1. For segment 82-191, place one equal point scatterer on every Cα, skip the solvent, and apply the Debye formula. What is log10 of I(q)/I(0) at q = 0.15, 0.17, 0.24 Å⁻¹?
2. Provide the percentage of antiparallel DSSP beta bridges, counting only those with both residues in the chain; round to the nearest 5.
3. Provide the FRET efficiency to the nearest 0.05 for the Arg198-Asp112 pair, computing r from the beta carbons and using R0 = 45 Å.
4. Working from Cα positions, state the angle (0 to 90°, nearest 10) between the long axis of helix 191-206 and the longest principal axis of the chain.
5. Can you check what the net charge comes to around Arg50, using other residues whose Cβ is under 14 Å from the Cβ of Arg50 (Lys, Arg +1; Asp, Glu -1)?
6. Working out 0.36 nm times the residue gap between Ser105 and Glu164, then minus their Cα-Cα distance, what length gain in nm do you get to one decimal?
7. Sorted by mean Cβ packing within 10 Å, highest first, what order do the peptides 169-179, 117-127 take?
8. Kindly state, as a whole number, the per residue volume in cubic angstrom of the convex hull around the alpha carbon atoms of the chain.
Amino acid sequence: MVTVVLPWRPQPSRVEAFEAVSSWYRENLPEARVVTVDSDDEVFNLARCRNLGVAGVEAAGDDVVVIGDADTLPQPAPLREALEACLTSGRVHLPYTEYHWLGRSGTAAFRDGTPLEECDFELVRGACSGVYVTTPATWWSHGGQDERFRGWGFEDAAWYVAHETLLGEVPRRHEGAVFALHHETQLREGPQYDANSRLMDDYRRASTDRVSMDDFVFGTSASNARIRPGV
């Protein structure tokens with residue numbers, strides 16, 4: 001059984017994108033459950049929502065989870081390739097090699113019926129979020145995502161570094177594109193953004209070797225409140 005998890009807290013500028021993404025999965029992956037997840041955090045905590053979503057999938061006994069951003073659409077073929085491959089790889093899969101941010105004009109064209117592949121876009125280099133395909137066991141094997149990242153920024157980059165260091169390779173990609181729809185963006189400044197940036201620096205320092213990253217991700221020191229999931 002496949003479950004699509006969409007972290008979601010309603011915001012007026014994001015509703016159209018969320019509805020488009022929800023509909024896309026129901027039409028293109030009809031065998032999957034599509035669920036939304038939020039946490040009780042005052043500030044939206046995307047990392048925690050992703051972890052809660054995977055925990056719910058695991059509790060339900062489902063095999064595979066697609067963790068999708070509520071503004072991002074994949075292509076069917078690479079998504080299905082990732083669904084099959086993640087069952088035996090022990091790695092998280094990204095069903096794209098190109099991340100297309102459609103912006104206002106591309107999103108408007110999509111809403112007017114233009115195929116996603118023909119919409120104007122900006123290529124986002126180095127993107128590593130948007131759509132993840134994994135099993136619960138693989139997600140927890142490298143710590144899931146760090147819930148100390150709050151608000152906007154860095155949780156996906158830190159996860160990527162942890163995956164590469166602890167599992168010995170970067171997440172596996174499948175040839176194709178994902179398409180991010182336009183909405184109002186979060187502020188990339190302020191005390192919480194700065195705290196996220198400092199935590200990302202800690203991940204970079206821990207990425208020198210597997211032992212250091214394992215201790216950083218799963219350690220129980222006073223400076224690191226995370227624990228190994230399932231323990």
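1. -0.75, -0.91, -1.26
2. On the way: 9 of 24 bridges.
Looking only at bridges with both residues in the chain, the antiparallel portion is about 40 percent.
3. On the way: r = 43 Å, r/R0 = 0.96.
It comes out at approximately 0.55.
4. It works out to around 60 degrees.
5. -4
6. Numbers: separation 59, 0.36 × 59 = 21.24 nm, distance 3.54 nm.
Here the answer is 17.7 nm.
7. Packing order, densest peptide first, comes out as 169-179, 117-127.
8. Details: hull volume 28.7 nm³, N = 231.
Normalising the Cα hull of the chain by residue number yields 124 Å³.
No value in this document is a laboratory result; all are computed from the given coordinates. What you see is a predicted model; the values in this text were computed from it and never measured. Ideal geometry is used to build each Cβ from the backbone, glycine not excepted, and the neighbour counts take in all protein chains shown.
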